[in-house]
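Engineer: First the structure, which I've put down as structure tokens, then a few questions once you've had a look.
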Number of protein chains: 2
Amino acid sequence: MKNKREAILQATLELITTNGIHATPMSEVAKQAGVAAGTIYHYFESKTELINDLYAVLKQRMGEALMQNTEGQTSVKDRFFRFWLNLYGFFVQNPKEFDFLENYAQSPVVSEDVKKANEVHYSPVIAFLAEGIQKGVLREMPVALMTALVYGNVVAAAKLHLYGGFPLQPAHLQQAMQASWDGVRIN
Amino acid sequence: MKNKREAILQATLELITTNGIHATPMSEVAKQAGVAAGTIYHYFESKTELINDLYAVLKQRMGEALMQNTEGQTSVKDRFFRFWLNLYGFFVQNPKEFDFLENYAQSPVVSEDVKKANEVHYSPVIAFLAEGIQKGVLREMPVALMTALVYGNVVAAAKLHLYGGFPLQPAHLQQAMQASWDGVRIN
DNA sequence: TGTAACCGAATGAACGTTCGATTGAAGATG
DNA sequence: CATCTTCAATCGAACGTTCATTCGGTTACA
């Protein structure tokens with residue numbers, strides 16, 4: 001039964017994002033998942049491991065969303081916009097996942113090992129930006145910095161849309177993407 | 001004695017940022033602050049109120065840092081860079097404060113009321129950006145969106161510097177600020 | 001002498017985890 | 001096809017610990 005494992009992870013995500021880690025007891029997770037408390041320990045060694053596993057699962061999903069339809073041989077600009085929208089779309093369509101990743105990812109409960117191991121999901125983007133720089137389309141700048149700036153923009157836009165009481169219209173999205181692009185492109 | 005109150009807040013900040021909320025018992029806060037457990041309840045009604053007070057104190061400090069030397073009648077661009085550096089400097093010089101504000105601010109422990117009440121500290125920046133738009137120097141764009149994008153950049157840069165294993169040199173900072181600026185300025 | 005600040009042991013609730021018992025399905029045996 | 005064996009999956013009460021908070025008493029100062 002993969003269902004139960006999935007149900008436990010889902011319940012954990014929902015409870016943690018609405019109540020916080022310190023206020024989601026395992027008993028509550030069990031109830032929400034439709035499972036006995038002891039059963040959780042059949043799938044996860046501890047509460048900490050449960051949370052770390054959840055982090056890994058969500059990071060992977062985010063990575064998959066990020067990569068959708070990025071194979072074509074279009075321009076750097078088009079691919080930049082595609083990545084941007086992919087990430088934004090994932091965040092906005094998966095608010096709980098976004099919430100968890102943003103707010104609990106760098107909390108001390110998630111181990112450094114797990115974080116490191118999940119950086120893989122970004123590597124195609126890193127490569128893409130490096131290529132853009134090498135082609136002379138993007139600015140000379142450490143790729144790490146460029147990634148951070150753009151990622152920061154996407155996160156900012158998603159937060160504004162989801163929590164900021166300011167639902168972004170397509171026109172706003174266009175402005176936001178353009179701002180990101182103008183910040184890293186040459187000229 | 002204002003000292004004890006201050007010591008308790010400081011201890012709370014340090015323990016929460018290194019261990020997380022769920023792993024900082026009041027007994028530990030007391031020990032670190034050099035105070036008896038009961039004394040904390042002389043200054044704060046509960047753990048929740050303690051955390052909310054800490055949030056308010058830190059937000060205010062951030063607001064003060066943000067405003068330093070922004071009175072002069074220089075160009076929009078100069079003032080933009082000044083705000084940017086003020087915020088970045090505060091984050092980098094106060095890593096614990098930054099950590100707390102970024103990671104626990106929107107956790108469910110901090111009440112919505114307190115968050116709303118502390119939005120005041122941003123208002124001069126909002127006004128500045130609105131003025132820049134009206135002068136035709138900054139793009140036509142909702143101020144909320146512009147604020148979010150730029151703030152997102154500053155946070156991203158600070159995180160990269162502090163946690164990303166990529167200490168930003170002055171040249172990098174210049175690139176980051178320029179990217180932010182190019183994203184919102186006209187042309 | 002009164003009162004605000006302070007102490008820290010005690011309290012009671014809540015929590016993560018354990019464990020012995022139960023179930024059910026998948027072979028194995030006859 | 002019936003019966004037996006096995007073991008992973010599941011349950012939930014119980015355990016031991018930890019924690020936020022209380023409170024009766026003490027200190028220090030005005």
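Engineer: When the solvent-accessible surface of protein heavy atoms is calculated with a 1.4 angstrom probe, in what order do A:99, B:113 fall, highest first?
Structural biologist: Ranked list, largest accessible area first: B:113, A:99.
Engineer: A further question follows. Would you mind checking the tilt of helix B:123-134 against the longest principal axis of the Cα atoms of chain B, expressed as 0 to 90 degrees and rounded to 10?
Structural biologist: Approximately 10 degrees, to the nearest 10.
Engineer: Another question, if that's okay. Given the C-alpha centroids of the stretch B:1-70 and the stretch B:151-187, what is the distance between them in whole angstrom?
Structural biologist: Between the Cα centre of the stretch B:1-70 and that of the stretch B:151-187, the gap is 30 Å.
Engineer: Still on this structure: Using the 7 Å Cα-to-Cβ label point, sort the distances from residue B:174 to its equivalents in the other copies shortest first and give them in nm to one decimal.
Structural biologist: 3.6
Engineer: Continuing with the same structure: Taking 0.36 nm per intervening residue step and subtracting the Cα-Cα distance, what contour gain separates residue A:36 from residue A:4 on full extension?
Structural biologist: Length gained, residue A:36 through residue A:4: 10.5 nm.
Engineer: Kindly give the distances from residue A:123 to its copy-mates, label point to label point, with each label point 7 Å from Cα along Cα→Cβ, as nm values to one decimal ordered shortest first.
Structural biologist: Those label-point separations list as 5.1 nm.
Engineer: What is the angle, in °, between the Cα long axis of helix B:47-67 and the longest principal axis of the Cα atoms in chain B? Nearest 10 is fine, range 0 to 90.
Structural biologist: For B:47-67 against chain B, the angle is about 30 degrees.
Engineer: If the cut-off is 18 Å between C-alpha atoms, which lysines fall inside it for residue B:96, apart from same-chain ones fewer than 8 positions away?
Structural biologist: Within the straight-line cut-off, residue B:96 pairs with B:59, B:159.
Engineer: Where in the stretch B:67-118 are there GluC sites (Glu not before Pro) that are in a DSSP coil and have at most 15 other Cβ atoms within 10 angstrom of their Cβ?
Structural biologist: Of the GluC sites (Glu not before Pro), the ones in loops of the stretch B:67-118 whose Cβ has at most 15 other Cβ atoms within 10 Å are B:71.
Engineer: Something else about it: Pick out, from B:171, B:157, B:98, the residue whose Cα sits farthest towards the positive end of the charge dipole of the stretch B:56-184, with +1 on the Cβ of Lys and Arg and -1 on the Cβ of Asp and Glu.
Structural biologist: With unit charges placed on the Cβ atoms, the residue in question is B:171.
Engineer: Which angle between 0 and 90 degrees, to the nearest 10, do you get for helix A:76-93 versus the longest principal axis of chain A when only C-alpha atoms count?
Structural biologist: The angle comes out near 30 degrees.
Engineer: Round to the nearest 0.05 the FRET efficiency obtained for residue A:74 and residue B:28 when R0 = 56 Å and r is the Cβ-Cβ distance.
Structural biologist: Efficiency computed from Cβ-Cβ geometry: 0.55.
Engineer: Excluding same-chain residues fewer than 8 positions from residue A:77, which lysines have a Cα within less than 22 Å of its Cα?
Structural biologist: Within reach: A:135.
Engineer: To continue, here is another question. What distance in nm separates the simple spin-label points at residue A:119 and residue A:19, each placed 7 Å from Cα in the Cβ direction?
Structural biologist: 3.5
The values are calculated or read from the model by the stated rules, or taken from the named source; none is laboratory data. These figures come from a predicted structure and were not determined experimentally. Every residue, glycine among them, receives a Cβ derived from its backbone with ideal geometry; neighbour counts consider all protein chains shown. What goes into the accessible areas is simple: the full protein's heavy atoms, side chains included, and nothing from ligands, DNA or RNA. Shrake-Rupley method; radii C 1.70, N 1.55, O 1.52, S 1.80 Å.
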